[in-house]
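Asks: The structure is given below, and queries will be raised subsequently.
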Amino acid sequence: MNWITNYVRPTINSLFSRREVPDNLWTKCPECGTMLFHRELSENLNVCTGCDHHMALAPRERFEALFDGGIFAEIEVPAAVADPLHFRDQKKYPDRMKDARKKTGEKDAMLVVEGEIGRTSVVAAGQDFSFMGGSMGMYVGNAIIAGAERAVALKRPFILFSAAGGARMQEGILSLMQMPRTTVAVEMLREANLPYIVVLTHPTTGGVTASYAMLGDVQIAEPNALIGFAGTRVIEQTIREKLPEGFQRSEYLLDHGMLDRVTHRKDLREELITITRMLMGLPPAVMGELPKPDTNSKTDDQPDGTPAEDAKK
Ligand SMILES: [Zn+2]
C-alpha cells in the first residue's frame, strides 16, 4: 500500500468514471436506450416516451395515479413472524429485510389500500418488485387475506397488481404455504360474489403465477410483461425443444387464451373503472369532473332557491 494505490488511482478512476448527469435526473430506458427526464417519465407513469416500454412502477406511485385525487387509505396487514428459519445466504435474512425496507420505504412486498377510482369504491393490492423481487412470503399472504377480508366486509371488488419472482426462499415451506392460503382468500371473494381482477405486470413468475395471480375473474396484463411459472431456459432443457419467440410474454399469452386483455398503462385506469362497474352492476361512470365550486364570488341565488334575477324584480 502506498500513496499511488491509496490516492492517485482512486482520483484517476473517479475522473474517468464521473457521470455527466446526476443519477436522479435522468433514467435510461433499458429497452431502447433513450435518456428520459425523470419528471417526464414519472408523469408518463414510468412508460418510455420513445418505445412504450413499461418500466417498474412502485405500488404507492401507481395508486397515487390510479385513485381519484391520488387519495387512498392503507389497510393494516398483520405482521408476520420475522425470520422463522434463521435463514442465512450471503446475508442474514433480517439484514436483507432491513436493506429492502430502507430502499423502498415499505414494510414488505405488498401494499393493500382502499379508495375510489372513478367514484367506484374498491380495495386494491400492489406488489413491489423492488422489495426483494416482490417475493411472496408470509407477509404477502397476510396482505392478500387482509385485502380480501376488507373487500368482503365492505362488499367491494378487489383489484390486485402482481409483480414477483416467486416465493421467498428465506421462508422456505412457509412461503409455499401462501399459495393455498391466498387461493382460499380468492375463494372468499368468489363466495361473496365480488369481482377479483388481476393486473399482471412485468415480471410475474413462480409460485405467484401458480396461485393468486392467475385466479382473477378478469386477467389483464401490461404490454410485454414476462408471465410464467418456470423460466424459458428450464423448460427448454426439460422438454429439449426450442420455444417460440415471445413465449411467456403478455401478447403471446393473450393469443393463446391465458389472458383476457393486454392494456397499456395509460388506459388501465379507465378500463378498470369500466370492468369493476360492469361486474358490480353499477351504471357507467360519469367521466369528467364537475367544476370546482367558486368560493370567491358570492352566489346570487336567494336562500329560498329563487334565482337572483327574479329576486331583483
Ligand atoms: Zn424506450
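Asks: Test GLU187 against the stated conditions and say whether it is in a loop (DSSP other than H, G, I, E, B) and either out of contact with any Lys or Arg (no Cβ under 6 Å at 6 or more places or on another chain) or touching a residue at least 24 places away in the same chain (Cβ under 8 Å) (or both).
Replies: no
Asks: Sticking with this one: Restricting to the stretch 124-156, count the residues that are closer than 16 Å to GLU61 by Cα and aliphatic (A, V, I, L, M).
Replies: Looking only at that region, the number is 2.
Asks: Related question: Please work out which one of (1) within 18 Å of GLY126 (Cβ to Cβ); (2) in a helix (DSSP H, G or I) is the condition PRO203 fails and give its number.
Replies: For PRO203, the exception is condition (2).
Asks: Here's another thing I want to ask about it. Tell me whether the stretch 81-97 contains one or more residues that are surrounded by 20 or more Cβ atoms within 10 Å (Cβ to Cβ), part of a helix (DSSP H, G or I) and of a type outside the set (S, T, N, Q).
Replies: Looking through the stretch 81-97, at least one residue is surrounded by 20 or more Cβ atoms within 10 Å (Cβ to Cβ), part of a helix (DSSP H, G or I) and of a type outside the set (S, T, N, Q).
Asks: Looking at ARG181, ARG233, ARG190, ARG240, which one is at positive phi and among the charged types (D, E, K, R)?
Replies: Of the residues listed, the single one that is at positive phi and among the charged types (D, E, K, R) is ARG240.
Asks: A follow-up question, please. Out of all the residues in the stretch 198-246, which are small (Gly, Ala, Ser) and within 14 Å of the chain's Cα centre (by Cα)?
Replies: Those that are small (Gly, Ala, Ser) and within 14 Å of the chain's Cα centre (by Cα): ALA213, ALA221, ALA225.
Asks: While we're on this one: Taking the stated definitions as given, is GLU149 crowded, with 24+ Cβ neighbours inside 10 Å, in contact (Cβ under 8 Å) with a residue 24 or more places away in the chain and part of a helix (DSSP H, G or I)?
Replies: So GLU149 fails the test.
Asks: Considering the stretch 47-75 alone, what residues qualify as being more than 10 Å from the ligand (Cβ to nearest atom) and without any contact (Cβ under 8 Å) to a residue 24 or more places away in the chain?
Replies: Of everything in the stretch 47-75, those that are more than 10 Å from the ligand (Cβ to nearest atom) and without any contact (Cβ under 8 Å) to a residue 24 or more places away in the chain turn out to be GLU61, GLU64, GLY69, GLY70.
Asks: Something else: What's the total number of residues in the stretch 227-276 that are modelled with pLDDT under 95 and among the hydroxyl-bearing types (Ser, Thr, Tyr)?
Replies: The number of residues fulfilling the criteria is 2.
Asks: Sticking with this one: So which residues in the stretch 179-197 are within 12 Å of ILE159 (Cβ to Cβ) and over 16 Å from the mean Cα position of the chain (by Cα)?
Replies: Of everything in the stretch 179-197, those that are within 12 Å of ILE159 (Cβ to Cβ) and over 16 Å from the mean Cα position of the chain (by Cα) turn out to be LEU189, LEU194, PRO195.
Asks: Please return the ranges of helices (runs of 4 or more DSSP H) entirely within the stretch 1-66 where 2 or more residues are at pLDDT 95 or above and surrounded by 10 or more Cβ atoms within 10 Å (Cβ to Cβ).
Replies: 59-66
Asks: Quick check on my filter: what residues within the stretch 191-205 are over 25 Å from ILE273 (Cβ atoms) and in contact (Cβ under 8 Å) with a residue 60 or more places away in the chain?
Replies: Scanning the stretch 191-205 gives a single hit, PRO203.
Asks: Restricting the search to the stretch 30-45, which residues are in contact (Cβ under 8 Å) with a residue 24 or more places away in the chain and either under 21 Å from ALA125 (Cα atoms) or more than 12 Å from the ligand (Cβ to nearest atom) (or both)?
Replies: The one that is in contact (Cβ under 8 Å) with a residue 24 or more places away in the chain and either under 21 Å from ALA125 (Cα atoms) or more than 12 Å from the ligand (Cβ to nearest atom) (or both): LEU45.
The values are calculated or read from the model by the stated rules, or taken from the named source; none is laboratory data. Fair warning: this is a prediction, and the values are worked out from it, not measured in the lab. Please note: Cβ atoms are built from the backbone with ideal geometry, for glycine as well, and neighbour counts cover all protein chains shown.
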